[in-house]
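The values are calculated or read from the model by the stated rules, or taken from the named source; none is laboratory data. In this text the structure is predicted, and so the values were computed from the model without any measurement. Cβ sites come from the backbone with ideal geometry, for glycine too, and all protein chains shown count toward neighbours. These accessible areas exclude ligands, DNA and RNA; they are computed on the full protein's heavy atoms, side chains included. Shrake-Rupley method; radii C 1.70, N 1.55, O 1.52, S 1.80 Å.
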Amino acid sequence: MFRLVRFEVYKLFRLRSVRLGLLFALLLPFLWALAPGLKEVYGLVLASGWQVVSLSLLAGMEFLFPFLVVMAASEALGSEVAQGTLKSLLLRPLSRTHLLLAKLFAVLLYPFVLLGASFLGGALAGMPYGLGAFYGGTGLGEGGFAGVGLLSPQAALAELLKAHLLAGAVLLPLAALALLYGTVFLSTTASALAAVATLLLMRLLVAFPALTPFLLPTYLDLYLRPEAVGLGLPLLLLYTLGFALLAALVFGQKDLESKRPASRRGAPSRRRRPSLKERTR
């Protein structure tokens, strides 16, 4: 099983979309570090490199990171179908459940690797501003970017690590949801669109106050609200587990033969019509 998980992680991180996503996450902090309009647009003057790290997290979690995670999870199965390698995998002596669990582990690992790349890029881009103690805040703790006084590098690092871990937890159910739709549609595009549409639909349900505390979109900003961890984190993990179990159930019953080209399913080939001369014999 360990070899299968390692193989699936290797395949996932060989996908072009995944490698591009990691590159974008690494380079995004340099955009904020070099942006000349931070003061005019956001009213912010960078006082420390730690603020570059938090800016990258805040900007990425608005759209980029969730989108990259959904695409990677959708492609985990969609690429296998498109390349015709899923059938050969299932011919090996392993169950569908083990295969899906290996893919699930890979897609759940990706959000933390993605956020790790963002953190590393932010630290590198913020070095010119210094990574020591500073007057202000990281934007993720009390007082926002203004802070409440002198902030030590240890305290800043602790705030940022906690926020990145919570952001990773926020992305876990998105990855599991996209993988679930991947087992349903066996298509990268359809899976990604279905996952996004589901999240948008769940956002509309906030019109029902009784449901709001239990909806997934309610906790997509959990990294900014550590006081909601008590209910939010277990709920995010329950969503992840629920989507994963549904994916295993659907994948175990999925008819993969219908996804094969007709010529490969043994469909009869077209017979040549006899010529007039041959018919008159």
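Of note:
- Test: residue in the range 200-212 that is within 25 Å of PHE112 (Cβ to Cβ), open to solvent by less than 70 Å² (accessible area, probe 1.4 Å), part of a helix (DSSP H, G or I) and among the hydroxyl-bearing types (Ser, Thr, Tyr): no
- Of the helices (runs of 4 or more DSSP H) lying entirely inside the range 7-94, the ones with 2 or more residues being modelled with pLDDT under 90 and surrounded by fewer than 23 Cβ atoms within 10 Å (Cβ to Cβ) are found at 16-34, 65-83, 86-90.
- For the range 128-136, the count of residues that are assigned to a helix (DSSP H, G or I) and either open to solvent by 40 Å² or more (accessible area, probe 1.4 Å) or among the hydrophobic types (A, V, I, L, M, F, W, C) (or both) is at least one.
- Cβ-Cβ under 7 Å pairs, at least 6 apart or on other chains, the range 221-236 side over 16 Å from PRO66 (Cα atoms) and modelled with pLDDT of 95 or more, far side part of a helix (DSSP H, G or I) and open to solvent by 50 Å² or more (accessible area, probe 1.4 Å): LEU235/PHE214
- Options GLY116, GLY122, GLY143; residue that is open to solvent by less than 50 Å² (accessible area, probe 1.4 Å) and assigned to a loop (DSSP other than H, G, I, E, B): GLY143
- Among the candidates ALA175, ALA194, residue that is within 30 Å of GLY84 (Cβ to Cβ), without any contact (Cβ under 8 Å) to a residue 40 or more places away in the chain and part of a helix (DSSP H, G or I): ALA194
- Hits in the range 237-268 (condition: modelled with pLDDT under 55 and either assigned to a helix (DSSP H, G or I) or open to solvent by 100 Å² or more (accessible area, probe 1.4 Å) (or both)): SER258, LYS259, ALA262, SER263, ARG264, ARG265, PRO268
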